[in-house]
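Student: To start, I am sharing the structure in question, which I have written as structure tokens.
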Amino acid sequence: MADLLSDDEIDKALTYLADWRRDGTELVRRVDLPSFTEAVAVVNRVAEIAESEDHHPDIDIRYSTLVFRLSTHSAGGITRLDVNFAQEIDNVVDVARGQ
Ligand SMILES: C[C@H](O)[C@H](O)[C@H]1CNC2=NC(N)=NC(=O)C2=N1
């Protein structure tokens, strides 16, 4: 099982996860997309990665706005798995935006 990161380790990760914030035991990112269809396409791509890595974010879908919440449930907080997954979500969003 992955180890919980320290507060310092989480703060350090947030320096390069610029679109993420910490909310207690979770990393959180809000993403605004141009349409519901594009938002759901991002969710579908993230779902594929989640299944392949057996690590699953909580995802809130409201029209074209997504909120991702990452936490390692088995550890009770934020681990390296969540930091890595946050970067993968960033990559999916960048591709969806053509960046
Ligand atoms: C049995 C299965 O491997 C576990 O339930 C996995 C599934 N996905 C998971 N996702 C997240 N975010 N945290 C977990 O601890 C976790 N555990």
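The values are calculated or read from the model by the stated rules, or taken from the named source; none is laboratory data. Quantities reported herein were computed from a predicted structural model and do not represent experimental measurements. Heads up: the accessible areas ignore ligands, DNA and RNA and are worked out on the full protein's heavy atoms, side chains in. Shrake-Rupley method; radii C 1.70, N 1.55, O 1.52, S 1.80 Å.
Student: Per residue, how much accessible area does segment 7-96 have with a 1.4 Å probe, in Å²? Present the calculation step by step, with values, prior to reporting the outcome.
Tutor: Working: 4950 Å² over 90 residues.
Normalised by residue count, the accessible surface of segment 7-96 is 55 Å².
Student: Taking θ as phi - 60°, what are the ³J(HN,Hα) couplings along segment 52-63 by the Karplus curve (6.51, -1.76, 1.60), each to the nearest whole Hz, with x for Gly and Pro?
Tutor: With coefficients 6.51, -1.76 and 1.60, one gets 5, 9, 6, 9, 10, x, 7, 10, 9, 10, 10, 6 Hz.
Student: At 1.4 Å probe size, with the rest of the protein present, what percent of the exposed accessible area of the chain is carbon and sulfur atoms?
Tutor: Details: 2720 of 5770 Å².
Summing carbon and sulfur atoms, their accessible area is 47 percent of the total for the chain.
Student: Can you work out the Karplus-derived ³J(HN,Hα) for every residue in segment 5-16? Use 6.51 cos²θ - 1.76 cosθ + 1.60 with θ = phi - 60°, whole Hz, and x for glycine or proline.
Tutor: Residue by residue, segment 5-16 yields 7, 6, 4, 5, 5, 5, 4, 5, 4, 5, 5, 9 Hz.
Student: Under the definition of Cα pairs under 8 Å and six or more residues apart, what whole-number percent is the relative contact order of the chain?
Tutor: Working: 128 pairs, mean separation 34.3, N = 99.
About 35 percent, as a whole number.
Student: Length gain on complete extension for the stretch D58 to Q87, per 0.36 nm per residue less the alpha carbon to alpha carbon distance?
Tutor: Values: separation 29, 0.36 × 29 = 10.44 nm, distance 1.55 nm.
Stretched fully, the D58-Q87 segment lengthens by 8.9 nm.
Student: I've got another one for you. Specify the angular offset, from 0 to 90 degrees and rounded to the nearest 10, of the alpha carbon long axis of helix 80-96 from the longest principal axis of the alpha carbons in the chain.
Tutor: On a 0 to 90 degree scale, this one is about 20.
Student: Let me ask something additional. Jot down the per residue volume, in cubic angstrom and as a whole number, of the convex hull over the alpha-carbon atoms of segment 7-96. Don't jump to the answer; show the numbers that get you there.
Tutor: Numbers: hull volume 7.4 nm³, N = 90.
Cα-based convex hull of segment 7-96, divided per residue, equals 82 Å³.
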